[in-house]
Amino acid sequence: VEVMKNLVSALLSVIPGMASIGLLLSLVFYIFAVMFTSLFKDLWRDGDGPLEFNYFGTIWDSLFTCFQFMTLDDWNPIVREVMTERSWAWLPFITFIIFSGFIIVNLLIAVICDAVSMLQDLEREKLTGGFYQGESDDDDDSFPNEIDNQMMEANSKRR
């Protein structure tokens, strides 16, 4: 129960960072949705164009299509349909996928991992009686390393 309480408190402490990343993702979505709408809305032509569906007719259609791209859910047929009319269209689509699907999502994962790491440091400090300082600027870092070695030896003897 204590571990779960600590984990929840660590995750709650990173909410401001996650909110900032969410705002950044929203900004990226909006910029690319406006760009996709202005570049590709004329490809629909009431079902007579090269697109099977109206992916980019309005800003809302483009936002939904951007969400589909971000989740990597069946995005390649859409890109191929657009590329039949505009061969250069792969560039903005791939750029959006790299920004949203890889960079932003990895930032979210990094913030969560940082919270879990902070939780682990707090547990280590609690186990060592407050002697563990983590990484410090002092020249004498041997004391925390000795404690880490002793903890590893004690854990290996238990197994």
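The values are calculated or read from the model by the stated rules, or taken from the named source; none is laboratory data. Computed from a predicted model, the values in this text were never measured in an experiment. Here the Cβ is made from the backbone with ideal geometry for all residues, glycine too, and neighbour counts use every protein chain on show. Heads up: the accessible areas ignore ligands, DNA and RNA and are worked out on the full protein's heavy atoms, side chains in. Shrake-Rupley method; radii C 1.70, N 1.55, O 1.52, S 1.80 Å.
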Radius ratio Rg over Rh of the stretch 1-79, counting only Cα atoms, Kirkwood formula for Rh: 1.24
J(HN,Hα) series, the stretch 101-117, from Karplus relation 6.51 cos²θ - 1.76 cosθ + 1.60, nearest Hz, glycine and proline x: x, 10, 6, 5, 5, 5, 5, 4, 5, 5, 5, 5, 5, 5, 5, 5, 5
Surface accessible to a 1.4 Å probe, per residue, for the residues of the stretch 35-104, Å²: 57 Å²
Alpha-carbon radius of gyration plus Dmax, which is the widest Cα pair, for the stretch 51-109 in Å: 11.7, 37
In the stretch 1-64, chymotrypsin sites (Phe, Trp or Tyr not before Pro) in a DSSP loop with at most 15 other beta-carbon atoms within 10 Å: Phe53
Of all accessible heavy-atom area on the stretch 1-142, the percent that carbon and sulfur account for (1.4 Å): 64 percent
